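Working notes, beginning with the structure itself.
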Amino acid sequence: MTGILIYAEANGPEIHPISFELLGKARELAEKLGLEVWSVALGCRISDKASELIYHGADRVYIYDDERLRDLNVVAYKNVLVELVRETKPEIFLLGATPWGRSLAPRVAAALDTGLTADCIDLQVSENGKLIQIRPAFTGNILAHIETVSKPVMATIRYRVMKKLPRDVNRRGEIIVRRLEEIDCDGIKCLGKVSERGISLADAEIVVAGGRGLKKKEDLKMLEELANLIGGVVGASRPLVEEGWISKDHQVGFSGNVVKPKLYIACGISGSPQHLAGMRDSNIIIAINTDPSAPIFRHADYGVVADLYDFMPKLINYLKERTGKTA
Ligand SMILES: Cc1cc2nc3c(=O)[nH]c(=O)nc-3n(C[C@H](O)[C@H](O)[C@H](O)COP(=O)(O)OP(=O)(O)OC[C@H]3O[C@@H](n4cnc5c(N)ncnc54)[C@H](O)[C@@H]3O)c2cc1C
């Protein structure tokens, strides 16, 4: 029997949660298509994570645990995955649309000479048993339904759009530990990491996001201050990223991160469809905007019609007084 292969992303010893979401979806598809669910993880000191992948839906797990895979070398990872796919011939191969998955997937697809549908938000099975990959197109105005004719069908899936299954420690599966003779990096050598810091906007429970209502880069400090006070992280609309005020890690929206925090505070953001695509599922949305007709207010639970330069300092001072924190 052939299968659906899920790439379990590991950066360090932890498996990225998107891998469990993909396994959940793969289980659903596997029941409909009569396939098994397989998973593959590459990295260093990850062997003990194999059973977690089984508890979350995998029938079989391939593990490549090697000191030489400690660094995320995209060419080395691509070569290992391509070899595994050629050998095992899965029908479908899914990866997370994380920054790493987005870098890895097209290289694997090109080497296998197959298609790749990027950034899917859903996967369905058609009446004639084909996999339909659904992704926003034309800046999110339509949802394209895509069928790939080449094999394996490859897709990257956005983080936090699929549901993982409850962890079931009674599930049983096969763990295949692979040893690598040599690792082919095509001459690429990782000289070091530029920064260990990174924000995980997608996992944040509170996001304080700024838009073009901000007049200059330095004013983002105001958002940082509020975020620090309430345990949140700073997000941004795309124009701020394009201006170079803040890195793309912070961008919320269609071409940025999808967030589902408990609280989303939108400061000087109009609420374009592309921005809403990344935050409309937030639990509680507070919008601060001078324009009462701004579309963001149609999605906000609480709307503050005010100049953010007037409102934010007052809010920050109030919170400092109430909490005794200094941010
Ligand atoms: C292919 C494509 C992909 C895109 N992807 C994304 C994406 O991922 N994320 C994204 O955000 N955008 C994306 N965009 C851009 C998107 O179309 C909008 O241009 C963008 O979201 C607008 O950002 P904004 O709300 O910050 O700015 P604006 O639309 O200019 O809104 C600024 C708001 O601030 C308010 N304001 C002004 N001054 C103040 C003040 N002093 N106090 C309070 N409020 C004030 C104004 O009333 C206004 O509502 C994409 C566009 C395209 C074409």
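Let me know the shape class of the range 142-225, please: from the alpha-carbon gyration tensor, a ≥ b ≥ c as square roots of the eigenvalues, rounded when a/c is under 1.5, otherwise prolate if a/b is greater than b/c, or oblate.
On the way: a/c = 1.85, a/b = 1.49, b/c = 1.24.
Prolate.
Using only Cα atoms, what Kirkwood radius does the range 103-146 have, in angstroms? Please report the intermediate quantities before stating the final value.
Numbers: mean 1/r = 0.0859 Å⁻¹.
Hydrodynamic radius (Kirkwood, Cα pairs) of the range 103-146 is 11.6 Å.
At 7 Å along the Cα-to-beta-carbon direction for both residue 309 and residue 87, put a label point, then send me their distance in nm to one decimal.
Placing both labels 7 Å along Cα→Cβ, they lie 6.3 nm apart.
Based only on other Cβ atoms within 10 Å, what is the fewest-to-most ordering of 56, 145, 250? Write out the running numbers ahead of the final one.
Details: 56 27, 145 13, 250 23.
By the 10 Å Cβ count, ascending, the order reads 145, 250, 56.
What nm value, rounded to one decimal, do you get for the distance between residue 317 and residue 302 when each label is placed 7 Å out toward the C-beta?
1.9 nm
Can you pick out the pairs among 248/314; 221/320; 217/248; 32/130; 49/130 whose Cα atoms lie more than 20 Å from each other? Before the final figure, lay out the partial values.
Values: 248/314 29 Å; 221/320 15 Å; 217/248 14 Å; 32/130 10 Å; 49/130 31 Å.
Going by Cα-Cα distance, 248/314; 49/130 fall outside the 20 Å limit.
For the chain, find the longest principal axis of its Cα atoms and tell me its angle to the long axis of helix 99-112, 0 to 90°, nearest 10.
30 degrees
Can you sort 279, 312 from fewest to most other Cβ atoms within 10 Å of each residue's own Cβ? All intermediate terms of the calculation are to be shown ahead of the outcome.
On the way: 279 26, 312 23.
Least crowded to most crowded, the residues run 312, 279.
With charges set only on the Cβ (+1 for Lys and Arg, -1 for Asp and Glu), what does the dipole of the chain come to about its Cα centre, in debye to the nearest 20?
On the way: 43 positive and 43 negative charges, 89 e Å.
For this selection, approximately 420 debye.
Need one number: the % of Cα-Cα pairs in the range 1-55 sitting beyond the 12 Å mark. Show your work: numbers first, answer last.
Working: 914 of 1485 pairs.
Above the 12 Å cut-off, the range 1-55 has 62 percent of its Cα pairs.
Please check the chain for the longest run free of GluC sites (Glu not before Pro) that are loop-located per DSSP (anything but H, G, I, E, B) and have at most 14 other Cβ atoms within 10 Å. Spell out each step's value before the answer.
On the way: sites that count: 14, 127, 147, 181, 182, 196, 205, 243.
Between the exposed loop sites, the longest stretch runs 15-126.
Please give the Cα centre distance for the range 273-327 versus the range 1-74, rounded to the nearest Å.
Cα centres, the range 273-327 to the range 1-74: 39 Å.
For the range 265-327, run through the trypsin sites (Lys or Arg not before Pro) and keep only the ones in DSSP coil with at most 12 other Cβ atoms within 10 Å of their Cβ. Walk me through the numbers on the way to the answer.
Working: sites: 280, 298, 314, 320, 322, 325; in loops: 280, 325.
Within the range 265-327, the qualifying trypsin sites (Lys or Arg not before Pro) (loop, at most 12 other Cβ atoms within 10 Å) are 325.
Put +1 on the Cβ of each Lys and Arg and -1 on the Cβ of each Asp and Glu in the chain; which of 285, 75, 191 then has its Cα farthest toward the positive end of the dipole?
285
Against the longest principal axis of the chain, how steep is helix 18-33, in degrees 0 to 90 to the nearest 10, with axes from Cα atoms?
It works out to around 50 degrees.
For the range 1-103, what percent of Cα pairs sit more than 21 Å apart?
The share of Cα pairs beyond 21 Å in the range 1-103 comes to 26 percent.
For the range 3-178, build the charge dipole from Cβ charges (+1 Lys, Arg; -1 Asp, Glu) around the Cα centre, then report which of 37, 134, 93 sits farthest towards its positive end.
Checking the options against the dipole of the range 3-178, the answer is 134.
Give me the angle, in degrees from 0 to 90, between the Cα long axis of helix 220-230 and the longest principal axis of the Cα atoms of the chain, rounded to the nearest 10.
Once rounded, one gets 80 degrees.
Give a quick list of trypsin sites (Lys or Arg not before Pro) in the range 25-129 that DSSP marks as loop, anything other than H, G, I, E or B, with at most 15 other Cβ atoms within 10 Å. Present the calculation step by step, with values, prior to reporting the outcome.
Values: sites: 25, 27, 32, 45, 49, 60, 68, 70, 78, 86, 102, 107; in loops: 45, 70.
Sparse-neighbourhood loop trypsin sites (Lys or Arg not before Pro): 45, 70.
Cα atoms only: what Rg and Dmax, in Å, come out for the range 201-323?
Cα-based Rg and Dmax for the range 201-323 come out at 12.8, 38 Å.
Report, in deg cm²/dmol and to the nearest 500, the calculated mean residue ellipticity at 222 nm for the chain, where each DSSP H run with n ≥ 4 adds -39500 (n - 2.57) and the sum is divided by the residue count. Spell out each step's value before the answer.
On the way: 8 runs with 87 residues, N = 327.
Rounded to the nearest 500, it is -8000 deg cm²/dmol.
Rounded to a whole number, what is D in µm²/s for the chain from Stokes-Einstein with the Kirkwood radius over alpha-carbon pairs (25 °C, 0.890 mPa s)?
The Stokes-Einstein estimate is 115 µm²/s.
Restrict the search to the range 71-171; then list the chymotrypsin sites (Phe, Trp or Tyr not before Pro) that DSSP places in a loop and that have at most 16 other Cβ atoms within 10 Å of their Cβ. Intermediate results must be reported in sequence, preceding the final value.
Working: sites: 77, 93, 100, 138, 159; in loops: 138, 159.
Listed in order of number, the matching sites are 138.
Bear in mind that the values in this text are calculations on the coordinates, not laboratory data. As the structure is a computational prediction, the values presented were derived from the model and not from experiment. Glycine also receives a Cβ, built like all others from the backbone with ideal geometry; neighbour counts cover every protein chain displayed.
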